[in-house]
Amino acid sequence: MSFPSSDHCDGTFFFNPPLPDDWTPAPRPPAWPDDPPSELSAEKRRRGVRPSSFLRWIVESITEKQPHIVDPPAAGHPTDRPEANRVGVTFIGHCTFLLRLQQPDGRVLTILTDPIFSERCSPVSFFGPKRFRPPAWRLEDLPPIDIVLISHSHYDHLDLPSLRAIARRDNPVVVTPFGNCEVIRKSGLHRIAERDWWESVRIGDLEITCTPARHFSQRTLKDAGRRLWGGFFLRFPNAPAFPSVFFAGDTAHSPHWKQIHDRLGAPDVALLPIGAYAPRSFLRKVHVDPVEAVAAFQQLDAKQAIAMHFGTFPLSKEPLGEPERCLRETLDWAGLPADVFVPLAFGETRSVGGVNPSHAQADRVEGGEPASASPPLEVKKKGKAA
């Protein structure tokens, strides 16, 4: 399979663009977390995960005993109807969010990001990283899904068992970066729009733009770099009073935050990762830590940020609860209000965003009624066809 050549693709393989010479890491508090000198712009590392690292991951996933957490019921419900100038956000776990956006015509679009409801994020069901906690909501508890966003091909973001269940129930439109379509089709989903960075797709009044990220892709030992990774910027171009949403996907820290702001504007709501960062000597290449997530929030100039990619799967070595604590401490160190960048409780639904609030506290949804499912969606393609 061939793709257009660019600063992140040679026609066959995808890669991260080199960092500019004047790139500097995010400012850091004096104590936590420790960050070794960055060599991201100069190092030459072959694509993918080394077989020895893959084997070690398998062994650790089998032998390490992980805690099992049962969360209390959280505020709100996934079927709560958002106000016209707000976004309904339900945190299901890891990077799985249910987003509900009211369109200018009054209908509600329901969007699911990187859905994973499986017990393990693994190519098989009997080993691999196992959940600390179950999904906060079951698929059958959610309203009909109109759109699924898949940021990249890793098993904790592209989970075929979950997608098969969604395909049988709802058959939504899927938006994903280049190269992921061949995997997603195995789930039975066929309404798929693949896009390169900065390319968009229109679904009704909603425009979804695929945005850069600094990460990698791999599902086997032989397919590293064959599929693109990215985030998504959601907005209503013809209704600027309606809130915009940015979903970052998986990413390390890089200049792409400011590029997204400069090209697409400041999002009203940004879903940003804060976990799976230790040890930094290895994971700084692919994941932000809470300090870098706060820097990303500032460079995006988002009104409100919501944390993700923490407390669900054993993907790294930081203790449970540390990402949330470090996020609070970094906001305080940076002189930012604690409520501008928050981790939701697992299962919590909040109504966030809005046209005028400047770093205002997100309000919890009170009551509300289920919205009827939107009619079948027509994908208006901008850029290259899927």
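Numbers below:
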| item | result |
| --- | --- |
| Scan of segment 182-214 for residues that are among the basic types (Lys, Arg), open to solvent by 10 Å² or more (accessible area, probe 1.4 Å) and over 18 Å from Leu300 (Cβ atoms), ordered by number | Arg185, Lys186, Arg191, Arg202 |
| Flag for Ile150 being free of Cβ contacts under 8 Å to residues at least 60 places away in the same chain, closer than 26 Å to Val245 by Cα and of a type in the set (Val, Ile, Thr) | yes |
| Filter result (of a type in the set (A, V, I, L, M), touching a Leu at 6+ places or on another chain (Cβ under 7 Å) and more than 13 Å from Asp146 (Cα to Cα)) within segment 81-127 | Val87, Val89, Ile92 |
| Phe233 vs. criteria open to solvent by 20 Å² or more (accessible area, probe 1.4 Å), aromatic (Phe, Trp, Tyr) and under 29 Å from Ser122 (Cα atoms) | no |
| Subset tally (residues that are in contact with a Lys or Arg (Cβ under 7 Å, 6 or more places away or on another chain), open to solvent by 10 Å² or more (accessible area, probe 1.4 Å) and assigned to a helix (DSSP H, G or I)) for segment 273-304 | 1 |
| All positions within segment 1-27 that are among the aromatic types (Phe, Trp, Tyr) and outside any loop (DSSP other than H, G, I, E, B) | Phe14 |
| Single residue of Ala239, Ala266, Ala248, Ala252 found to be open to solvent by 10 Å² or more (accessible area, probe 1.4 Å), touching a residue at least 12 places away in the same chain (Cβ under 8 Å) and touching a helix residue (DSSP H, G or I) at 6+ places or on another chain (Cβ under 9 Å) | Ala266 |
| Single match in Glu60, Glu39 (criterion: part of a helix (DSSP H, G or I), among the acidic types (Asp, Glu) and at pLDDT below 90) | Glu60 |
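The values are calculated or read from the model by the stated rules, or taken from the named source; none is laboratory data. Nothing here was measured: the structure is a model prediction, and the numbers come from that model. No Cβ is skipped: glycine too gets one built from the backbone with ideal geometry, and neighbour counts run over all protein chains shown. Ligands, DNA and RNA are excluded from the accessible area calculation, which covers all protein heavy atoms including side chains. Shrake-Rupley method; radii C 1.70, N 1.55, O 1.52, S 1.80 Å.
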